[in-house]
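Asker: Questions regarding the structure given below will be posed in turn.
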Ligand code: 5AD
Ligand code: FES
């Protein structure tokens, strides 16, 4: 058998490859290898989750951000970004509408916005959990102190998403200003896990300066962390950032990495991301067929959708949540999967 297929078999058997093996596997991939990988990935997906696809209602509640990541459209230096914050009542309205549509997980995502103090955040978390006790609440609000994470957990938050972006410190420095570090971000992830959150990490595929060695380090870091969720999507340039003229990531490599993640950690909650749906009209379907089992439609008011523009041409900025849900349900059914009404917890 050719070497890449042998490596996939080894990954399946041991869930572990060395850095050199990861590099060799990613570098020697081709259509046949990908087909072999996706078949195994779908088997893992089926074993733990059947043909069930979980949905998360994403509420993008602020696009103010104190950070200045070079890739991101809502970085603080982007003077053209139209800034907004949702009031607590608006956030709760999003939950109410989402609950009616069948969502049982809400994801509160935002830039690192100091206007939302610890107290305000805890109050919002409590209000959501009080109103919707049968729902899971995920936070995605960046790097914070362990104490802050602890208090938000005690207020009722169940899960936390914080992509590590790249595990390599030097590459991290290409993507971020000097005040941010890969080490600090990784420490946040260890803290979140220790506190007891269902924890999600992830990275962009094809970000500027990314090499196959960096991807190997990402996979090694994820194996070490063993998170519950991993979100990956292609890097997509944003016109008002220093990376406006950079080349974006590909569908092909993103799918291959989704497949590798599914086989490495078969129980993972793995979203077919909006970024993947943005660079390919059937990106999310392809993501599911490569091993993804989560979709995250937007519940934010349509009036602010366009403003949470992390990258260019983001899809679904004009559609109501109900439209996206119908659209996704149809798309999943077309490929033999089913959107389910369920908190969609990590399979223990
Ligand atoms: N292209 C793709 N993904 C991006 N993100 C931020 N900017 C971009 C971009 N230009 C991703 C980051 C972040 C997540 C919320 O969105 O990985 O963690
Ligand atoms: Fe939003 Fe298809 S998922 S329009």
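Asker: Return the total of residues in region 289-316 being surrounded by fewer than 19 Cβ atoms within 10 Å (Cβ to Cβ) and near ligand 2 (Cβ under 9 Å from one of its atoms).
Answerer: Looking only at that region, the number is 1.
Asker: In region 1-42, what count of residues is obtained for those that are part of a helix (DSSP H, G or I) and at pLDDT below 95?
Answerer: 1
Asker: Do we find that residue 133 is within 28 Å of residue 48 (Cα to Cα), surrounded by fewer than 19 Cβ atoms within 10 Å (Cβ to Cβ) and more than 17 Å from the chain's Cα centre (by Cα) in this structure?
Answerer: So residue 133 passes the test.
Asker: While we're looking at this one, here's another question. Suppose we filter region 52-108 for residues that are more than 22 Å from residue 329 (Cβ to Cβ) and out of contact with any strand residue (DSSP E or B) (no Cβ under 6 Å at 6 or more places or on another chain); how many remain?
Answerer: Selection size over region 52-108: 28.
Asker: Check every one of the helices (runs of 4 or more DSSP H) wholly within region 211-325 and list those with 3 or more residues that are within 14 Å of ligand 1 (Cβ to nearest atom) and at pLDDT below 95.
Answerer: Fully inside region 211-325 and qualifying: nothing.
Asker: Among residues belonging to region 184-210 that are over 16 Å from residue 159 (Cα atoms), touching a residue at least 40 places away in the same chain (Cβ under 8 Å) and part of a helix (DSSP H, G or I), point out the one that is nearest to ligand 2 (Cβ to nearest atom).
Answerer: Checking each candidate, the answer is 185.
Asker: Now a separate question. Being touching a residue at least 40 places away in the same chain (Cβ under 8 Å) and out of contact with any helix residue (DSSP H, G or I) (no Cβ under 9 Å at 6 or more places or on another chain) is the filter here, so list the residues in region 307-335 that pass it.
Answerer: Selection gives 307, 308, 309.
Asker: Does residue 167 satisfy the criteria of being in a loop (DSSP other than H, G, I, E, B), modelled with pLDDT of 95 or more and within 19 Å of the chain's Cα centre (by Cα)?
Answerer: Spelling it out, residue 167 is indeed in a loop (DSSP other than H, G, I, E, B), modelled with pLDDT of 95 or more and within 19 Å of the chain's Cα centre (by Cα).
The values are calculated or read from the model by the stated rules, or taken from the named source; none is laboratory data. All of these numbers come straight from a predicted model, not from anything done at the bench. Reconstructed Cβ throughout: ideal geometry from the backbone, glycine too, with neighbour counts over all protein chains shown.
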